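Novice: Before anything else, here's the structure in question.
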Amino acid sequence: MDPLTAIFNIGSTIIDKIWPDKDKADAAKLEMFKLQQQGAFAEIQNGFNLMIENIKVNANEALHSSIFVAGWRPFIGWVCGIALAYNYIAMPFIVWITKCFYPEAPAMPALDMTELMVLLGGMLGIAGLRSREITQGKR
């Protein structure tokens, strides 16, 4: 339960104790509920405004002339792609060939793919949603 709901639940209990008249207590609870809904709406609106501002910043970054500002997303994409290619394509073949000719050679280091998959999943998810918007004509 979030803190705001807990506070309003406590407030409802206090209202029941202060106003023994059921109609007055219900009217006070209704006013408190309206305040709670206004607060929740304001919180949602603030989150939405923050996302819009973030989108504007991202658009400005993408249009920037410096490769260090505009190119960080493609760089992360290439790093993820290269790491995946190494871990799942190149490394097994290299290990196999090495073991055929040099059986005593130490094992190649394996990459911890946990964090990489989270990053790649986020990037692909966002790109997939954008591709879906484009195919639906919502540019």
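Novice: Mind checking which residues of segment 35-52 are among the aliphatic types (A, V, I, L, M) and within 24 Å of the chain's Cα centre (by Cα)?
Specialist: Once the filter is applied, which keeps residues that are among the aliphatic types (A, V, I, L, M) and within 24 Å of the chain's Cα centre (by Cα), segment 35-52 yields Ala40, Ala42, Ile44, Leu50, Met51, Ile52.
Novice: What is the number of the single condition among (1) under 30 Å from Gly125 (Cβ atoms); (2) surrounded by 10 or more Cβ atoms within 10 Å (Cβ to Cβ) that Pro109 does not meet?
Specialist: (2)
Novice: Next question. Name the helices (runs of 4 or more DSSP H) wholly inside segment 1-102 in which the number of residues that are farther than 22 Å from Leu119 by Cα is 1 or more.
Specialist: 3-18, 22-63, 91-101
Novice: Also: Any chance segment 83-93 includes a residue that's of a type in the set (Phe, Trp, Tyr), in contact with a Leu (Cβ under 9 Å, 6 or more places away or on another chain) and surrounded by 10 or more Cβ atoms within 10 Å (Cβ to Cβ)?
Specialist: Scanning segment 83-93 turns up at least one residue that is of a type in the set (Phe, Trp, Tyr), in contact with a Leu (Cβ under 9 Å, 6 or more places away or on another chain) and surrounded by 10 or more Cβ atoms within 10 Å (Cβ to Cβ).
Novice: Also, I was wondering about something else. Given the conditions (1) exposed (fewer than 10 other Cβ atoms within 10 Å of the Cβ); (2) in contact with an Asp or Glu (Cβ under 8 Å, 6 or more places away or on another chain), report the number of the one that Ala70 does not fulfil.
Specialist: Failing condition for Ala70: (1).
Taken together, the values in this text are just the output of simple stated rules run on the coordinates, not laboratory data. As the structure is a computational prediction, the values presented were derived from the model and not from experiment. Cβ: placed from backbone, ideal geometry, glycine included. Neighbour counts: every protein chain shown.
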